[in-house]
1. By how many degrees, between 0 and 90 and to the nearest 10, does the Cα long axis of helix 461-480 differ from the longest principal axis of the chain?
2. If you restrict to DSSP beta bridges whose two residues both lie in the chain, what percentage is antiparallel, to the nearest 5?
3. Size of the dipole of region 139-185 about the Cα centre, Lys and Arg at +1 and Asp and Glu at -1 on the beta carbon, nothing else charged, in debye to 20?
4. Which residue, 317, 521, 232, has the largest displacement toward the positive end of the dipole of the chain when charges sit on each Cβ (Lys, Arg +1; Asp, Glu -1)?
5. Just the ratio, please: alpha-carbon radius of gyration of region 252-401 over 2.2 N^0.38 Å, N its number of residues.
6. So which chymotrypsin sites (Phe, Trp or Tyr not before Pro) in region 158-258 end up in coil per DSSP with only 16 or fewer other C-beta atoms within 10 Å?
7. With each pseudo-label sitting 7 Å past Cα toward Cβ, what's the residue 208-residue 54 distance in nm, one decimal?
8. Per q in 0.16, 0.26 Å⁻¹, report the Debye log10 I(q)/I(0) for region 1-85, using one uniform scatterer on each alpha carbon and no solvent.
Amino acid sequence: MNQASLHRLLSQKKGKNNKELFELRLATNLTLIQKLFFSLYPEEQHQKYFQKLLNLLPKLFEDRPEELKQQDLDRLKSGNWYQSEKIVGMQLYVEHFNKNLNGLQEKIPYFKKLGINFLHLMPITTRPKGENDGGYAVNNYLKVDKKYGSKEDLLSLTSAFRKNGIYLMLDFVVNHTSNEFSWAKKAMKGDKKYQGYYYTFEDFTIPEAFEKTLPEVFPETSPGNFTYVPEMKRWVMTVFNSYQWDLNYTNPEVFLEMFTNLVKLTDMGVDVVRFDALAFLWKKIGTVSQNLPEAHNLISLFRMCLQVVAPGTILLAEAIVAPTDIVKYFGEEEKRGNECEVAYNASLMALLWNSIATKKTQLLYKSLMHVPPKPKDCTWINYIRCHDDIGLGYENHLIQELGWNPEMHRKFLLDYYCQRLDWSPAMGMLFMYNPKTGDGRITGSAASLLGLEKAIITKNKALMKQSMAKIIMLHGITLAFGGIPLIYAGDEIGTLNDYSFKNDTSKKDDNRWVNRPMQDWDTISKLDDETLPQSKIFHALQKLIKTRKKHAVFADTNNLELYHTGNDHILSFERTRGGDGLLVICNFDENPQVIDSNWIKKLGYFSKGEPLDLVSGKKIGLNSGLLELMPYQMVWLLRKT
Ligand code: GLC
């Protein structure tokens, strides 16, 4: 039983007021908090900071708005809302969607029309002018950047979201600040206290020792992991861009300040906090400084403390790391279920792209079967595209087991997606190619990567049909897989690559901007014209979302089982709840494929005659005992008791 489950039980105690329930939560988490804190900050030197933390928690609770305290209790009582089949999300850039926060609020009816009730807004806080990594270089964790509006606008938005049953996710860029953040500015002026908030060094000796094992995140644009700052006459650790300074969490004051920022962010009505780049939170010479045990303790410490103050809010792990490392962010052993409630299913995402390029699903099966099961209170964010690149983070030994050479295989994928093969329908771009290692990543919008752009340019109707089927199938998988499906804004209407970044000096070196388009309201105004490919995609997704919300079997209760069909082009999995079942079957090939249907019958899907496919609305018929799937067809079969 994890700590959240204990809080759920405690919240049902009769006759306790809010403050008393807070005290109970603190008492319940205290042993763990203490253990985690002293594992990072040894007791001998740091007792005073632990005392500070104990003083801070009640103060932060006191400051939490009453309405949110009530909501926290309601959520505790109602269970894991984030695992519900009723939740469907969208990720968007506020300024690309509709001007600013007020503009976004005006679009609530659009979200309702599609069935969206969970929104991830890309960073909206103040950031440096010019290059700022799309706002991931943070000047202040709580101040809304003028271009989005004001704090009042944000509060009005979160209040409107609450009224409309929309959950809000915002980023907490927990690993680094910008070089314009007040702490960085003081550090630059020579203030030793704030120099200690970052990893700063007077010469390159320690950086050099770090560099021996640190990989590079942006090797093309920001090689190395340290930047010399002449104003300060010191080197500072900058794992991402040179203007993003890594916070030094070996300093307990940094933890206390960042925890305060975190709570205040949730006090504005944020339901889910996206812990950005959290794999990087702890650094140690001689290691890659990712996924270190201390980083997990630190995240769990944030979680355990936040749970005491704001138990209705949850954490999302943005850990784009190896599949077996991602699940660790749900917590292991005594931290199991006590770290992040949600994590990006980056593995599924990358594997789906692999299956599209290879038209085969073996690596998908092998990798999914290789990942240890997640704790029952945790869930995934399932997605196919986001604002970032697609990394090819597959396990080499699994690629090898298929008889493929990992390096050659990755090269093939880069060639396939980044326009190096004439026959490939994909129109992506190569991102951060590192000639030293041969590693590279892929950018591009879902629709362009899936052939829609090429189909439109070449006026190829067959390709267009194929591309739309792929788009719908991939989204359908994220809707059915279990967890929160997250549609990247624009993908619901098949938005193509946006090449305008090439003319903007602050963006031209970062081609992730090719997949950060403006929302196309002109196309959206024509959605009633069902002949347009964009309308077809929109309406297909709208229908799938509606279907998902109707059936409790879509809720994530760790109820997923993979089925091998004997056909390497097919992906099939079943979700079950009580006696009900949902069987998903997808064909990743450009040709029709058949599978044996006996096992489907054995599972009971034909017990009441030919079953209805919820995707096409047609009954499934069998030819000579075989089930036939058209190219890129996805079937959803429902079994009801
Ligand atoms: C995350 C964001 C990415 C950003 C990085 C550094 O990975 O998704 O866009 O560049 O963090 O903050």
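The numbers here are math on the coordinates, done by the rules we state, and not lab data. What you see is a predicted model, and the numbers here were worked out from it, not measured in a lab. In this analysis, Cβ positions are derived from the backbone assuming ideal geometry, glycine residues included, and neighbour counts consider all displayed protein chains.
1. 50 degrees
2. Of the beta bridges lying entirely in the chain, close to 60 percent run antiparallel.
3. Taking the Cα centre of region 139-185 as origin, the dipole is about 120 debye.
4. Ranked along the dipole, the leading option is 521.
5. 1.11
6. Values: sites: 161, 167, 172, 181, 183, 194, 197, 198, 199, 201, 204, 210, 226, 228, 235, 240, 243, 245, 249, 255; in loops: 181, 197, 199, 204, 240, 243, 249.
Sparse-neighbourhood loop chymotrypsin sites (Phe, Trp or Tyr not before Pro): 204.
7. Calculated label separation equals 4.6 nm.
8. With one equal scatterer per Cα and no solvent, log10 I(q)/I(0) is -0.74, -1.30.
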